[in-house]
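S.K.: If you scroll down you'll find the structure; I have some questions about it.
The values are calculated or read from the model by the stated rules, or taken from the named source; none is laboratory data. Since the structure is predicted, the reported quantities are computational estimates derived from the model, not experimental observations. Cβ sites come from the backbone with ideal geometry, for glycine too, and all protein chains shown count toward neighbours. Please note that ligands, DNA and RNA were not included when accessible areas were found on the heavy atoms of the full protein model with its side chains. Shrake-Rupley method; radii C 1.70, N 1.55, O 1.52, S 1.80 Å.
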Amino acid sequence: QVQLVESGGGLVQPGGSLRLSCAASSRFFSINTMGWYRQAPGKQRELVARISGAGSTNYADSVKGRFTISRDIAKYTVSLQMNSLKPEDTAVYYCNLVPPGQGYWGQGTEVTVAS
């Protein structure tokens, strides 16, 4: 079964860092454009970072300069390094294709930024 599994979330203080990881079950995901999305309470899900099969990256303005997306094609993983975290980064983070495949949403990993 094709799936995406996110991990690495947790509780962190403002200014702290976390590294999220997304494990894909198929090489299909690792060679196509992948993204990290997030959904904060009461808000719509938004794309915060994406990486193409060729390795080019794009970021939402809200995370530019603080988040870094990367991928290991051989290991079928996509990671999101998050630095200088802010309370407004609190959300459930998901990985998926860009544009997203509706049947591929995983459980997500929860990130809470609070003191």
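S.K.: Could you list which residues have their amide H under 5 Å from that of residue 86, counting only those 5 or more apart in sequence or on another chain, with H placed in the peptide plane?
M.R.: 15
S.K.: While we're on this one: Please report, as a whole percent, how much of the solvent-accessible surface of the chain comes from carbon and sulfur atoms (probe radius 1.4 Å).
M.R.: Carbon and sulfur: 47 percent of the exposed surface of the chain.
S.K.: Continuing with the same structure: If I take R0 = 22 Å and measure r between the Cβ atoms of residue 27 and residue 7 in this structure, what FRET efficiency does the formula 1/(1 + (r/R0)^6) give, to the nearest 0.05?
M.R.: The value I calculate is 0.65.
S.K.: Could you please report the charge total around residue 36, scoring K, R as +1 and D, E as -1 over all other residues with beta-carbon less than 9 angstrom from its beta-carbon?
M.R.: Result for the neighbourhood of residue 36: +1.
S.K.: Please turn the phi angles of the stretch 105-111 into ³J(HN,Hα) values with the Karplus equation 6.51 cos²θ - 1.76 cosθ + 1.60 (θ = phi - 60°), one per residue in order, whole Hz, x for glycine and proline.
M.R.: 3J(HN,Hα) across the stretch 105-111, in whole Hz: 5, x, 6, x, 9, 8, 10.
S.K.: If the reach is capped at under 20 angstrom between alpha carbons, list the lysines near residue 86, excluding any in the same chain fewer than eight residues apart.
M.R.: Cross-link targets: 43, 64.
S.K.: Heavy-atom accessible area per residue, the stretch 19-107, 1.4 Å probe: how many Å²?
M.R.: 51 Å²
S.K.: Something else now. Please give the length that would be gained between residue 19 and residue 52 if that part of the chain were fully extended, namely 0.36 nm times their separation in residues minus their C-alpha to C-alpha distance (nm, one decimal).
M.R.: Working: separation 33, 0.36 × 33 = 11.88 nm, distance 1.93 nm.
Full-extension gain reported as 9.9 nm.
S.K.: Over the chain, what is the mean sequence separation of C-alpha contacts under 8 Å (at least six apart), divided by residue count, expressed as relative contact order in percent?
M.R.: So the answer I get is 37 percent.
S.K.: Can you work out the Karplus-derived ³J(HN,Hα) for every residue in the stretch 67-77? Use 6.51 cos²θ - 1.76 cosθ + 1.60 with θ = phi - 60°, whole Hz, and x for glycine or proline.
M.R.: Values, residue by residue: 10, 9, 9, 8, 8, 10, 5, 5, 9, 6, 10 Hz.
S.K.: Could the peptides 61-71, 31-41 be put in order, highest first, of the mean number of other beta-carbon atoms found within 10 Å of their residues?
M.R.: 31-41, 61-71
S.K.: Can you compute the helix-only [θ] at 222 nm over the chain? Use -39500 (n - 2.57) per DSSP H run of at least 4 residues, normalise by all residues, nearest 500 deg cm²/dmol. Write out the running numbers ahead of the final one.
M.R.: Numbers: 1 runs with 5 residues, N = 115.
Estimated from H runs of four or more residues: -1000 deg cm²/dmol.
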